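What follows is a short report on a single structure.
The values are calculated or read from the model by the stated rules, or taken from the named source; none is laboratory data. Given the structure is predicted, the values throughout are model-derived calculations rather than measurements. Glycine gets a Cβ as well: all are built from the backbone with ideal geometry, and neighbour counts include every protein chain shown.
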Amino acid sequence: MLPKTARKLTPSSDPNLLFARMLSDALLEELGHTHRAVKTAMRWTGASESCVKLWLTGTHAPRGVHLVELMRHSDEVLRGILLAAGRQDAVIALEFGILRTRIRALMQMMDDELAMQAGAGT
């Protein structure tokens, strides 16, 4: 419990807390603010519900194998880690890969639509 004083709490410049907040922001961007976000991160990592909730609040950061699993499943977490490491070049490569995948999916949708239209016209 905090003492009842007139002092204002200032944001921490603790690197561990800043890292935890960065990961929280990335996870929330990727998964949203729902209970489904907790369940999804649990499924990705095998971590407990309480751990994942602490990650999402930004008070604790995942370590070790959980962090690797989050990076494996979340482009936002991977992007955040790369930026924190000063690897802008790798972020650009990541963005290019994501864009390429989306273009392929769009082309497939267009091909499927054209095939349906051609089949309906006969």
TODO: Go through (1) in contact (Cβ under 8 Å) with a residue 12 or more places away in the chain; (2) among the charged types (D, E, K, R); (3) surrounded by fewer than 16 Cβ atoms within 10 Å (Cβ to Cβ) one by one and return the number of the condition E76 breaks.
DONE: (3)
Task: Matching entry among L94, L78, L2 (being modelled with pLDDT of 90 or more and among the hydrophobic types (A, V, I, L, M, F, W, C)) - done: L78
Task: Residues of region 68-93 that turn out to be more than 15 Å from E30 (Cα to Cα) and not basic (K, R), as a count - done: 12
Open item on the list: Exactly one condition in (1) exposed (fewer than 11 other Cβ atoms within 10 Å of the Cβ); (2) on the phi < 0 side of the Ramachandran plot; (3) not basic (K, R) is false for L67; which is it?
Closed with: (1)
